[in-house]
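Here is the structure we will look at.
The values are calculated or read from the model by the stated rules, or taken from the named source; none is laboratory data. Remember, it's a predicted structure, so these values are computed and weren't measured experimentally. Backbone-built Cβ (ideal geometry, glycine too); neighbour counts: all protein chains shown. Just the protein is used for accessible areas: all its heavy atoms, side chains included, with ligands, DNA and RNA removed. Shrake-Rupley method; radii C 1.70, N 1.55, O 1.52, S 1.80 Å.
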Amino acid sequence: NTLERFSRLWMRNSCKNLHYIGELDGVSKYESSTELPFVVLAAGPSLQNILPYLNEIKKRSILVCVDTALHACLRYGVEPDFIILVDPQYACFMHLEFLSSPSSILITESAVYPSVFRFNCKQKILCSSMFPLGQYFEKILGSKGKLEAGGSVTTTAWDFARFCGTKNIFLA
């Protein structure tokens, strides 16, 4: 049902973003790269409790922030190491609109709303597309590295931490 409902949006976004599949690096470059602990930050009630401590936490771990929590992190003066945005809907792009995080790496996929690629950050990295057109072109141009998804971008953020090889993942 999801594929049928959103297929036109994914197709339109994927066509506009097609050139990024060939231009951008993939998350595969981070596979099994660290044993540092990861802290995944997502919008939710426990986020408020951890925000005052983010500067100290960042000194001891890698911060991975989902799109919905970025505004809160920046409000506390903390730029996460990684930002994850993989949902192709315009509403998800709006979580980044008017924000900037020049020391963060944005992990996204080729079917996201095209304006996502204008976000001011250190680097943009692709994960393998979850959608047919992106998958087709990755077969030709090479895989970017598969991150799992399920119901929430937080699942993808958690899987990225696991993909990087960490043994300790904390969620807020």
- Message: For the stretch 159-172: of the residues being open to solvent by 30 Å² or more (accessible area, probe 1.4 Å) and not polar (S, T, N, Q), which is nearest to Glu35 (Cα to Cα)?
- Response: Lys167
- Query: Glu4 passes all but one of (1) open to solvent by less than 20 Å² (accessible area, probe 1.4 Å); (2) part of a helix (DSSP H, G or I); (3) not hydroxyl-bearing (Ser, Thr, Tyr); which number fails?
  - Reply: (1)
- Query: Could you count how many residues in the stretch 49-80 are without any contact (Cβ under 8 Å) to a residue 40 or more places away in the chain, assigned to a loop (DSSP other than H, G, I, E, B) and open to solvent by less than 40 Å² (accessible area, probe 1.4 Å)?
  - Reply: 2
- Message: Cβ contacts < 6 Å: first residue touching a residue at least 60 places away in the same chain (Cβ under 8 Å), restricted to the stretch 141-152; second residue in a loop (DSSP other than H, G, I, E, B) and open to solvent by 40 Å² or more (accessible area, probe 1.4 Å), any location; separation 6+ or different chain. Result?
- Response: Ala149/Met130
- Only one residue in Ser46, Ser14 is touching a Gly at 6+ places or on another chain (Cβ under 6 Å) and either surrounded by fewer than 16 Cβ atoms within 10 Å (Cβ to Cβ) or among the polar types (S, T, N, Q) (or both). Which one? Ser14
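Which residues, counting only those in the stretch 37-48, are in a loop (DSSP other than H, G, I, E, B) and at pLDDT below 95? Lay out the reasoning, then the answer.
Restricting attention to the stretch 37-48, the residues satisfying the condition of being in a loop (DSSP other than H, G, I, E, B) are 37, 42-46.
Hits for the stretch 37-48 are Ala43, Gly44, Pro45, Ser46.
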- Query: Quick check: is even one residue across the stretch 19-33 open to solvent by 60 Å² or more (accessible area, probe 1.4 Å), assigned to a helix (DSSP H, G or I) and without any contact (Cβ under 8 Å) to a residue 12 or more places away in the chain?
  - Reply: yes
- Message: I'd like to verify a number: residues in the stretch 103-158 that are open to solvent by 40 Å² or more (accessible area, probe 1.4 Å), of a type in the set (Ser, Thr, Tyr), in a loop (DSSP other than H, G, I, E, B) and under 19 Å from Cys92 (Cα atoms), how many?
- Response: 1
- Mind listing just one residue for me: the one in the stretch 79-112 that is at pLDDT 95 or above and of a type in the set (Ser, Thr, Tyr) and, of those, nearest to Thr155 (Cα to Cα)? Thr108
- Among the residues of the stretch 81-102 satisfying the criterion of being over 25 Å from Pro37 (Cα atoms) and aromatic (Phe, Trp, Tyr), which is most open to solvent (accessible area, probe 1.4 Å)? Phe98
